[in-house]
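Student: First the structure, which I've put down as structure tokens, then a few questions once you've had a look.
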2 protein chains.
Amino acid sequence: MSFLSHLESIVGQVDGAIACSVMGFDGIAVETLQAPAAAAQSASLEITTAWVEYANILTQLKNAAEVLKTGPITEVSVNSEHLITLMRMVTPEYFLVLGLKPSGNYGKARYVLRVTAPKVKSEL
Amino acid sequence: MSFLSHLESIVGQVDGAIACSVMGFDGIAVETLQAPAAAAQSASLEITTAWVEYANILTQLKNAAEVLKTGPITEVSVNSEHLITLMRMVTPEYFLVLGLKPSGNYGKARYVLRVTAPKVKSEL
């Protein structure tokens, strides 16, 4: 299964999903899928800009976790007025990121990312 | 109602809560409450150290949100192996932060912070 199939599976399963990526901590996306409805909007472009910023912040959180005794970071979510962003660690170099409408299914999104992360990991 | 009463109410309602604070974005806590069981552990000290780090990262997210068109940040969660941290914006200067065991009630924690934030805001 390719990365794109995994991303299609995530976006297909989660109500309100706008876009999903496998990203490196350097902010460069390995693969990105935008939900068909979202792709028509210029909003999706803004999202990938946001994710580059978030990748940088996630790197800092990861480094902080190494110093603090909280154990490795597994998941981070950033909820803003117009966008929910969920990030799930895959390897020390890569993570999955999913953008959702605020009305989207947050619980299902967390679950689907958790079960998909090991599948993506096995292909990296 | 004082800040401490709000923090007591949050910690009392959420299974697995370890500690809760009203914090400034400068990383200085206005008021902190540790759950009685957690206060006995040295772990709770580590948590407040983590929060100072998180406050700094939250400030960056807040600044990023002003540039990006995602709207203001409302909630951020950082889940690591031994600790779930939920942060809820209260005002542009202050936020509520709650530390939970990974086995704690995440959904209830989100709900309780969401309804308590306006009460804390009205006293700031």
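Student: Going 7 Å from Cα along the Cα-Cβ axis for the label, what nanometre distances separate A:E8 from the same residue across the other copies?
Tutor: Result for A:E8, in nm, nearest copy first: 5.7.
Student: Hey, can you grab everything whose amide H is under 5 Å from the amide H of B:E31? Only 5+ residues off in sequence or another chain; H modelled, so Pro and N-termini drop out.
Tutor: Under 5 Å from the amide H of B:E31 lie the amide H atoms of B:V22, each far enough along the sequence or on another chain.
Student: Taking 7 Å along the Cα-to-C-beta vector as the label spot, tell me the A:R114-B:E66 distance in nanometres, rounded to one decimal.
Tutor: 3.6
Student: Additional query: Add +1 for every Lys or Arg and -1 for every Asp or Glu among the other residues with Cβ under 14 Å from the Cβ of A:V30, and state the total.
Tutor: Every neighbour counted, the sum reads -3.
Student: Taking a 19 Å limit on the Cα-Cα distance, which of the listed pairs A:K108/B:K108; A:K69/B:K62; A:K101/B:K69 fall beyond it?
Tutor: Violating the 19 Å limit, Cα to Cα: A:K69/B:K62.
Student: Something else now. Run the simple label-point estimate for B:V52 and A:N56 please: 7 Å along Cα→C-beta, distance reported in nm.
Tutor: 2.5
Student: Placing +1 at every Lys and Arg Cβ and -1 at every Asp and Glu Cβ, with all other atoms neutral, what dipole size does chain B have around its Cα centre, in debye to the nearest 20?
Tutor: Computed about the Cα centre, the dipole is about 420 debye.
Student: Turning to a different aspect of this structure: Could you work out the mean count of beta carbons from other protein chains within 10 Å of each residue's beta carbon in B:62-69?
Tutor: That average works out to 5.
Computed from the coordinates by the stated procedures, all read-outs in this text should not be read as laboratory data. What you see is a predicted model; the values in this text were computed from it and never measured. Please note: Cβ atoms are built from the backbone with ideal geometry, for glycine as well, and neighbour counts cover all protein chains shown.
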